[in-house]
1. Just give me the residues in segment 17-59 being loosely packed, with under 13 Cβ neighbours inside 10 Å, outside any loop (DSSP other than H, G, I, E, B) and touching a helix residue (DSSP H, G or I) at 6+ places or on another chain (Cβ under 8 Å), in sequence order.
2. If the Cβ limit is 8 Å and pairs must be 6+ apart or interchain, which residue in segment 46-66 that is acidic (Asp, Glu) pairs with which residue that is surrounded by 11 or more Cβ atoms within 10 Å (Cβ to Cβ) and modelled with pLDDT of 90 or more?
3. Taking Ser40, is it small (Gly, Ala, Ser) and farther than 30 Å from Lys198 by Cβ?
4. If I filter segment 143-162 for residues that are within 13 Å of Ile190 (Cβ to Cβ), over 30 Å from the mean Cα position of the chain (by Cα) and touching a residue at least 12 places away in the same chain (Cβ under 8 Å), do I get at least one hit?
5. Within segment 115-164, restricting attention to residues that are among the hydroxyl-bearing types (Ser, Thr, Tyr) and outside any loop (DSSP other than H, G, I, E, B), which residue is farthest from Glu201 (Cα to Cα)?
6. Taking Leu113, is it in contact with a helix residue (DSSP H, G or I) (Cβ under 7 Å, 6 or more places away or on another chain), farther than 30 Å from Gly45 by Cα, touching a residue at least 12 places away in the same chain (Cβ under 8 Å) and not polar (S, T, N, Q)?
7. Looking at Arg76, Arg72, Arg52, Arg57, which is the one that is in contact with a Pro (Cβ under 6 Å, 6 or more places away or on another chain) and not assigned by TED's automatic domain parsing to the domain that holds Lys118?
Amino acid sequence: MKLTVASTIGQNSTMTVSDSVFGAKVNTVLIAQAIRVYLSNQRQGSSKVKTRGEINRTKKKWFKQKGTGNARHGARTPSLFVGGGVAHGPTGLQNWNMKMTPSMRANALSSALTAQVKNIVICDDLEQLDGKTSSANKLLMKMLPNAKHVLLVLPKASQMVLRSLRNLPYVYITSAQMLNTYEVAYADAIVMTKDAVKILEDRLVKKEKTAEKAAGVVIPAEAGIQEKEVAVKVKPVAKVAKAKAAPKKAAVKSIKSTKTATKKVKADKK
């Protein structure tokens, strides 16, 4: 697959990229799952409310038990009254952490990049920014005039680039090693450098290979080694079986010989 390489000079070119990263099969269910896991992991789970036992309020009986026509109440702390405690509220111990396997995360990111491949632009002119926000804004407006959420994927954090782009409210900056599915799906346009594309391809292709090894894909050379090991293990078992069978035969022969000897002795006596 080929992506367009934009330039400030106006001479656009193309770059060949990996089909397994930018041309994979789009799995919308997996993308939605990756986004849900990412957003859930951003939650702290520190929200807490007070129960009726933690309210600093008098526990005195509100009114007498009988004669008022009202329901029976022994305090003003229950959740039924204004200023009372909260029933079944958050306790501050919630755990919102969710997990995905590395292969699922890699496949979700590849699916998201494939779905956004028409909005991806490769540009190496970002490294020439002089630290001024106005020049960075002109560069992005020239390449992406209608984008409202621009994601910049850099190979590594450069102080001059960050200084040029950090004050633009519609720009989000990340590195190729930290790129996730949520950022790709949220962006209207994605700007990458050539080095960032190479890092991203190495990252995702490496995860695919490790996932195949974890799934149990056997290499032909390894298969031959396993067969040899099995053959070595089978031979000692057969020898042990013969060794165990030999004493039984010897015992049978000895019993037969003793029987014949006793018969001869009895015959001689007669």
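The values are calculated or read from the model by the stated rules, or taken from the named source; none is laboratory data. Note that this is a predicted model, so its numbers are computed, not measured. Glycine gets a Cβ as well: all are built from the backbone with ideal geometry, and neighbour counts include every protein chain shown.
1. Thr28, Leu39
2. Glu54/Gly85
3. Values: small (Gly, Ala, Ser): yes; farther than 30 Å from Lys198 by Cβ: yes.
So Ser40 passes the test.
4. yes
5. Ser134
6. yes
7. On the way: Arg76 fails: in contact with a Pro (Cβ under 6 Å, 6 or more places away or on another chain); Arg72 fails: in contact with a Pro (Cβ under 6 Å, 6 or more places away or on another chain); Arg57 fails: in contact with a Pro (Cβ under 6 Å, 6 or more places away or on another chain).
Going through Arg76, Arg72, Arg52, Arg57 in turn, just one is in contact with a Pro (Cβ under 6 Å, 6 or more places away or on another chain) and not assigned by TED's automatic domain parsing to the domain that holds Lys118: Arg52.
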